[in-house]
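Trainee: Structure incoming, see below.
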Amino acid sequence: METATVLIADSDAVWTSSMARRLEVEGYRVLQARTGAVALYQARMRRPDLVMLDPDLSQLSGWEVCRRLKQSPETEKVKVVLFTLRGEEAHRAGADGYLVKGGQAEPTLPPVRVFKHPPEGILEKFLHRRAIAA
């Protein structure tokens, strides 16, 4: 079985590294990006199974990265989750769901909202293992 790849794009290096370690322990391959431009580039070049975006990324916002990924035929199938409390805005940006990001040192992910039911592939496995789907 092929290892699923998750791209985490967040400007908080400590939180991102902590989250990456937790996902790697669960068997995921993890890519990291600190800016929206790098996240978009990595998503286009590396084609991760799941992209987790902070909306407030520099250079290019997470909202814009999500819109561009979902509008491109090459990346429209990539599952995208935004770290936000603004679920309606995440839905309008084309995200597959949103997560409320937890504490800085110990990342926690619930609650989660998935817009398209049922979630497919990596998103379904990720949600099953990490959070509660609404």
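The numbers here are math on the coordinates, done by the rules we state, and not lab data. These figures come from a predicted structure and were not determined experimentally. All Cβ positions, glycine included, derive from the backbone under ideal geometry; neighbour counts span all protein chains shown.
Trainee: Tell me, what ³J(HN,Hα) does each residue in the stretch 83-89 have, in order and in whole Hz, if you take phi through Karplus 6.51 cos²θ - 1.76 cosθ + 1.60 with θ = phi - 60° and put x for Gly and Pro?
Mentor: Once θ is set to phi - 60°, the couplings for the stretch 83-89 become 7, 6, 9, 8, x, 5, 5 Hz.
Trainee: Using a cut-off of 13 Å between beta-carbons, work out the net charge of the residues near Thr35 (Lys and Arg +1, Asp and Glu -1, Thr35 not included).
Mentor: With Lys, Arg at +1 and Asp, Glu at -1, the neighbours total -4.
Trainee: What distance in nm lies between label points placed 7 Å from Cα along the C-beta direction at Arg22 and Ser58?
Mentor: Taking the two extended label points, one gets 2.5 nm.
Trainee: Report ³J(HN,Hα) in whole Hz for each residue of the stretch 58-70, in order, from the Karplus equation J = 6.51 cos²θ - 1.76 cosθ + 1.60 where θ = phi - 60°; Gly and Pro get x.
Mentor: So the J values, rounded to whole Hz, are 7, 6, 8, 5, x, 4, 5, 4, 4, 4, 5, 5, 6.
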